[in-house]
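**Student:** One structure, as structure tokens, below. Some questions next.
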Amino acid sequence: MDSGRRGTGERPGRVGVLALQGDVREHVAVLESLGAEVSLVRTPAQLAEVDGLVLPGGESSVIDKLTRLFGLREPIIERIGAGMPVYGTCAGLILLADRILDGLPTQLSFGGMDVDVRRNAFGSQVDSFESMLDVPHLGEPPVHATFIRAPVVERVGAGVQVLARVDDRVVAVEQGVLLGTSFHPEVDGETRFHRRFLEHVAHVSGS
């Protein structure tokens, strides 16, 4: 599969974190702890240098606006279409969804995952909570998951695999090399989702 990465002389396997808004440092720390070479992505040129991208938690409508302002929206959509692995947490999951059920009037997503997502489905900031999730694809032990103004996946397309649920509500999904979680593994010392993302990157980039 072609990741859409331009030849740059960089070794395969460099990953980026979209660094316009949100919990960027936490993702960088987890990825670097796993031995990844990590770049901050704020421009199309920086995006062209990476083989995979993390979309961090934050405010999905703000990230949407900033990617348009910085000229990143179309390049990200093109790279997703070309097969670049992407991992989105919370707001990042919203941005990967083909449809946002309750987005702001002008809000757009990048799309790529055949899912419908509802923003802030668990309530406001004061309704944040933690839960232990069984994620069979990741094995034992259960995942310690932190939900902060978290979205929920309300429709899952035929090609989408459900990885985790909370009370029958879908909170983790995967479609090919696209991975999304409603919660924030990066704040809990949970590395298995990032490791899974890096496995996708290694497979696509041939490293």
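The values are calculated or read from the model by the stated rules, or taken from the named source; none is laboratory data. Note that the structure is predicted; figures quoted are calculated from it, not measured. In this analysis, Cβ positions are derived from the backbone assuming ideal geometry, glycine residues included, and neighbour counts consider all displayed protein chains. Just so you know, the surface numbers come from the protein's heavy atoms only, side chains and all, with ligands and any DNA or RNA stripped out. Shrake-Rupley method; radii C 1.70, N 1.55, O 1.52, S 1.80 Å.
**Student:** Count, please, the residues in segment 173-207 that happen to be among the acidic types (D, E), over 11 Å from H144 (Cα atoms) and assigned to a helix (DSSP H, G or I).
**Tutor:** Qualifying residue count, segment 173-207: 1.
**Student:** Can you find, within segment 19-41, the residue that is most open to solvent (accessible area, probe 1.4 Å) among those that are of a type in the set (A, V, I, L, M) and without any contact (Cβ under 8 Å) to a residue 60 or more places away in the chain?
**Tutor:** L40
**Student:** Right, here's the next one. Just for strands (runs of 3 or more DSSP E) wholly inside segment 101-156: which have at least 1 residues that are modelled with pLDDT under 95, of a type outside the set (A, V, I, L, M, F, W, C) and under 20 Å from D23 (Cα atoms)?
**Tutor:** Passing ranges, in order: 129-133, 143-147.
**Student:** Looking at segment 82-102 only, could you name the residues that are more than 17 Å from V41 (Cβ to Cβ) and open to solvent by 20 Å² or more (accessible area, probe 1.4 Å)?
**Tutor:** Within segment 82-102, D98, R99, I100, L101, D102 meet the criteria.
**Student:** Right, something else. Taking segment 164-177, which residues are more than 20 Å from A121 (Cβ to Cβ) and of a type outside the set (V, I, T)?
**Tutor:** G176
**Student:** Regarding segment 161-175, can at least one residue be identified that is touching a residue at least 60 places away in the same chain (Cβ under 8 Å) and either open to solvent by 40 Å² or more (accessible area, probe 1.4 Å) or farther than 22 Å from E37 by Cα (or both)?
**Tutor:** Checked segment 161-175: at least one residue is touching a residue at least 60 places away in the same chain (Cβ under 8 Å) and either open to solvent by 40 Å² or more (accessible area, probe 1.4 Å) or farther than 22 Å from E37 by Cα (or both).
**Student:** Just for segment 168-192: of the residues that are among the hydrophobic types (A, V, I, L, M, F, W, C) and closer than 19 Å to V117 by Cα, which one is nearest to the chain's Cα centre (by Cα)?
**Tutor:** This residue is L179.
**Student:** Conditions: (1) touching a helix residue (DSSP H, G or I) at 6+ places or on another chain (Cβ under 8 Å); (2) assigned to a loop (DSSP other than H, G, I, E, B). G159 meets all but one. Number of the miss?
**Tutor:** (1)
**Student:** Can I ask one more? Does E154 fit the bill of being surrounded by 14 or more Cβ atoms within 10 Å (Cβ to Cβ) and touching an Asp or Glu at 6+ places or on another chain (Cβ under 8 Å)?
**Tutor:** In short, yes.
**Student:** Among (1) within 14 Å of G111 (Cα to Cα); (2) out of contact with any Asp or Glu (no Cβ under 8 Å at 6 or more places or on another chain); (3) in a loop (DSSP other than H, G, I, E, B), which single condition is G35 missing?
**Tutor:** Condition (1) is where G35 drops out.
**Student:** Name the residue that is farthest from I76 (Cα to Cα), counting only residues in segment 176-195 that are charged (D, E, K, R) and surrounded by 18 or more Cβ atoms within 10 Å (Cβ to Cβ).
**Tutor:** E190
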